[in-house]
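Every number in this text was worked out from the coordinates using simple rules, so none of it is lab data. Please read all numbers here as calculations on a predicted model, not as lab measurements. Note that each Cβ is placed from the backbone with ideal geometry, even for glycine, and that neighbours are counted across all protein chains shown.
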Amino acid sequence: MICTNVMKSIYQQFLLRRSMMTSFYIAIILLAVPFCIIMLLTKGPANVSDNVSLQQQIAQLKERLRHAKMLSQERLRDITSLRQSFDHVLQTSGIHNRGSSTRQNPSVYLGRGTLWQQQQHVVPYSGAASTRKERDFDETLDLQLPSLHHYLPHLLNNFDGLQPAVKIAGSRTGVTMVMGIPTVKRPIESYLIPTLENLIENMDEKEKEDALLIVCIAEIDRDYVKEQTQEIRNRFQKYLDSGLLEVIAPPEGYYPDFNNLRNTLGDTVERVRWRTKQNLDYAYLMMYAQAKGTFYVQLEDDILTKPHYLTIMKNFAFKKLRENKEWIILDFCQLGFIGKMFKAVDLSKLVTFFAIFHNDKPVDWLLDHMIQTKVCRFDRDSKDCRKQKDNVWIHYRPSLFQHVGTHSSLKGKVQKLTDKQFGKTLTRYPLRNPKAVLRTTLRTYGDHTLSRAYKGETYFWSFMPMKGDNITFHFSPPVLIERYFFRSGCVDHPEDLLMNASVQVLPAVTPKFPELIPYPNTSDRFLVVGSFSDTSGIAEGSIIPTVGPVTVLRIHIEEEVDHWVALSEIILEAAPMQALMASVYNISYIFAPPTARTASGLP
């Protein structure tokens, strides 16, 4: 009885406490809800913005963690493969403990990752007869894991078939965005250099620190690879040194014998070889890029892009991850394989799929088939399949990349496709060049005039220049030029480079002491301050302040040029008025009064 009363008393106290706690929580809620509403009303936008930013950072960290986990698993498999190789060596040498019950037959390690490792194990028998006496194990393998060698068997006879024949690379890894640019020899003209210039120019400094551009020169012609590599060095050494740009070239042994390909889809032999090689080129580039960053974007070597495209792609990717969208592809261009973004952890699947069907279909068709295989049902119609594919293949509009190449790498193929979602291709930007009177002895083609090019509206395009031709810029009043930049060639005509030409200026006053001016003089008293590079078609530099204000700047053709010339960028940076006055004041003692010849303004 006493126990029962005690229990009732304890139970009543429990109910009382629970009632008090419930009332306490209700009171807290009644007080907290209005307070939170007031806080949201007063500071809502900032808090929401902070919340979105926090969610994006979490999404970014989660994806980086997935990538790190993938790399960790690869390293673990590498270690396992090496350990098996050591065991095999010890067994064959007789040093290994012969009493060990473990029977292994590892493959030779041929490279990083799981795609080309072939780890083979004898699986212990788990039935009634489970002892070695009851089952005679021999060297025959019960299971074999598929590897790249099953689909490209020629690699078994070439242990260096996956090692780049050329590799110019720093140590940059762990970036958010890796972009792959395969390039091959084109029969008419190459678009690679203008493409790289456009990709780099449309990045700001912060974007350059979190990105990696990988150029894959997919040719076995050693002379061409060497020539292309040297051109990239000449034009982009700064970015090779910083780690933003890398260059690789597959070895000849990576490719199969293209004379033994099956003829598929009724295509010509040349087309089958071309698309088969393209499949293998993309696979090689993806294998190399997989460990470099979180996302991989497939590009081509004949494209244009928009300013800050990297930030736009990055924000869109993390936005979809933040929304828990299980995407496979983010598509930033509606044409072919251009601008397709993948998670780096998914590249192994793509490489395997391309390797399996490398002889069967073009690479963009294979990509579509892979997605269809993953998400579509055969018992439903194509409309449902399209809907399911749209859930994982997400398009961004407007497009960030535009195809500009006309001449395909396939001989005789003309490709004039453009992405209508890209909008107007803005390749020219308004320039703030100093006011000048422009003259030229070159024959201009169409509306590609010098005056429009000087304003940044188009490029200047002319017929073949002759020795002694000039492009002149007359300044009145004289202008103190700090820096000049001229780029020849353009996206439409990358081979129309200006060579054998110099940049010259005519000072407003003649110096009393010419030895203080470190530039050569011409017979008509111009100073030669620079010249166009024969490889890049660019002339750039600064002019020392002691030259003072100039009345004329000209581009002088030193030798005949056997092709048309396009001048795509004309940038003249004039010093501010304060610098101009200081320059005139500081150097006036070394200059004579202007002569009648210089004051007249030479053409």
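Estimated at 0.36 nm per residue, the fully extended path between Glu231 and Asn391 surpasses their Cα-Cα distance by 53.4 nm. Please list, by residue number, every one of the chymotrypsin sites (Phe, Trp or Tyr not before Pro) in the stretch 275-380 that is coil in DSSP and has at most 10 other beta-carbon atoms within 10 Å. The qualifying sites are Phe378. Length gained on full extension, Ser523 to Trp365, computed as 0.36 nm times the residue gap minus the Cα-Cα distance: 50.5 nm.
In the structure shown, the pairs Lys206/Lys455; Lys319/Lys340; Lys340/Lys383; Lys206/Lys314; Lys208/Lys238; Lys319/Lys343 are assessed against 19 Å; a Cα-Cα span above that value is assigned to Lys206/Lys455; Lys340/Lys383. The slack between Asn263 and Thr510, meaning 0.36 nm per residue of separation minus the straight C-alpha distance, is 81.5 nm.
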